[in-house]
Amino acid sequence: MSSIVELILNEEDILAGVEAISIVNAPAIEQDFIALSKEKLELAEVDSEKRILMGAALVPNKMIYRRREEEEYYVYFSKDTIRKVAELFLTKGNQNKTTLEHEIQLQGLSVVESWIVEDEIHDKSKKYGMNLPVGSWVVSMKVYNNQVWEEFVKTGKVKGFSIEGYFADKVNMANITAEQIDIEQLIEQIEQEESSQMLSQIRAIIKKDARTKSGKKTELESYSDYPESVRNNAKRGIELNEKVNNRCATQVGKIRAQQLAAGKPISLETIKRMASYLSRAEEYYDEGNTEACGTISYLLWGGKSALRWAEAKIREIEKG
């Protein structure tokens, strides 16, 4: 029987909450968005001036299927948590953070409305044919990006919203004290917090107005100029993990190691995740204990040299 887990906000974690809203083909909450037009409110009839998508971001007590390696389970959000999530999303100023299928970070999309359903009958969403329970979080998103509008919205390739962010497991928060969690569990927890719903795929950044009238192809920003020591650390981590039957690290950490060991380019968002993970997990790294999961996991993410490079790279990019 699959387990059911309530996800909550860990308000002590600065990363907690929704980092971005993704436009996807198959939303986990099974609620398609609609494209608002001046006349008929149908997805097929879009208005070239408004370009606004409306849909549910979260629905209370909706069972969302998840699978991690061989483990199958369901997660859900309560009304109270959803309200907090919606408020924190705006407080952090994440209105312009959007992705495509949780893989590609987009520019030119912005959440222009956000509200919690208070009345199933008289809520604005009901006017547009949506049947959402009280406590649902609904957003309207303006699409300024021509490529996204023409290639994904008008063609029906994307049908709804899906959130990506960082949440705590209420069962773990309630039943496990700091003294009861060993280092392996702490490392896994940190890695999970640093992953989004589909971090097994490489993210990239689509530049605004990347496709011009001249027919240029989309330009993607990614970086592979990390030092050789980062690649070697990742390779070393893979080797050490194999010696302990790959018992250390989550799937996210293992995939990250394969990317780094192969010298593959990584996006700015991935670099930020690396810097955050490595800075938090550094205390569990023990150079003298090559069988410890703290050591192996740290190497899988590129080790100390990756932390130095990531922090320097972020400063370089943000400085412009």
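The values are calculated or read from the model by the stated rules, or taken from the named source; none is laboratory data. Everything numeric in this text was worked out from a predicted model, so none of it was measured. Here the Cβ is made from the backbone with ideal geometry for all residues, glycine too, and neighbour counts use every protein chain on show.
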Counting only residues in segment 271-280 that are surrounded by fewer than 21 Cβ atoms within 10 Å (Cβ to Cβ) and of a type in the set (Ser, Thr, Tyr), the one farthest from residue 243 (Cα to Cα) is identified as 276
Matching residues in segment 281-312 (within 25 Å of residue 267 (Cβ to Cβ) and surrounded by fewer than 17 Cβ atoms within 10 Å (Cβ to Cβ)) number 4
Checked 66, 83 against criteria (in a helix (DSSP H, G or I) and without any contact (Cβ under 8 Å) to a residue 60 or more places away in the chain); the one match is 83
Considering segment 131-144, residues that are out of contact with any Leu (no Cβ under 6 Å at 6 or more places or on another chain) and more than 12 Å from residue 161 (Cβ to Cβ), and then whichever is surrounded by the fewest Cβ atoms within 10 Å (Cβ to Cβ), we arrive at 131
Of 55, 108, the only residue that is in contact with an Asp or Glu (Cβ under 7 Å, 6 or more places away or on another chain) and either among the basic types (Lys, Arg) or over 22 Å from residue 10 (Cβ atoms) (or both) is 55
Among the residues of segment 49-63, the number that are more than 15 Å from residue 21 (Cβ to Cβ) and surrounded by fewer than 21 Cβ atoms within 10 Å (Cβ to Cβ) is 6
When segment 241-253 is checked residue by residue, the ones that are without any contact (Cβ under 8 Å) to a residue 60 or more places away in the chain and crowded, with 19+ Cβ neighbours inside 10 Å are 241
(1) among the hydroxyl-bearing types (Ser, Thr, Tyr); (2) outside any helix (DSSP H, G or I); (3) closer than 17 Å to residue 312 by Cβ all hold for residue 276 apart from (2)
Margin query: Would you confirm, using the coordinates I've provided, whether residue 247 is modelled with pLDDT under 85 and not in a helix (DSSP H, G or I)?
Written below: yes
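Residue-by-condition table, conditions (1) over 13 Å from residue 139 (Cα atoms); (2) at pLDDT below 80; (3) not basic (Lys, Arg); (4) not assigned by TED's automatic domain parsing to the domain that holds residue 125:
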site: 32; (1), (2), (3), (4): no, yes, yes, no
site: 39; (1), (2), (3), (4): yes, yes, yes, no
site: 55; (1), (2), (3), (4): no, no, yes, no
site: 60; (1), (2), (3), (4): yes, no, yes, no
site: 63; (1), (2), (3), (4): yes, no, yes, no
site: 94; (1), (2), (3), (4): no, no, yes, no
site: 106; (1), (2), (3), (4): yes, no, yes, no
Checked 100, 132, 90 against criteria (outside the structural domain of residue 255 (by TED's automatic domain parsing), touching an Asp or Glu at 6+ places or on another chain (Cβ under 9 Å) and at negative phi); the one match is 132
Checking 315, 256 in turn, the sole residue that is crowded, with 21+ Cβ neighbours inside 10 Å, part of a helix (DSSP H, G or I), out of contact with any Asp or Glu (no Cβ under 6 Å at 6 or more places or on another chain) and modelled with pLDDT of 85 or more turns out to be 256
Across segment 96-134, the tally of residues that are of a type in the set (D, E, K, R), over 19 Å from residue 34 (Cβ atoms) and touching a strand residue (DSSP E or B) at 6+ places or on another chain (Cβ under 8 Å) stands at 3
Scanning segment 41-53 residue by residue, those at pLDDT 60 or above and either out of contact with any helix residue (DSSP H, G or I) (no Cβ under 9 Å at 6 or more places or on another chain) or not in a loop (DSSP other than H, G, I, E, B) (or both) turn out to be 49, 50, 52, 53
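Residues checked against (1) closer than 30 Å to residue 254 by Cα; (2) surrounded by fewer than 16 Cβ atoms within 10 Å (Cβ to Cβ); (3) β-branched (Val, Ile, Thr):
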residue	(1), (2), (3)
65	yes, yes, no
78	no, yes, no
87	no, yes, no
99	yes, no, yes
104	yes, no, yes
114	no, no, no
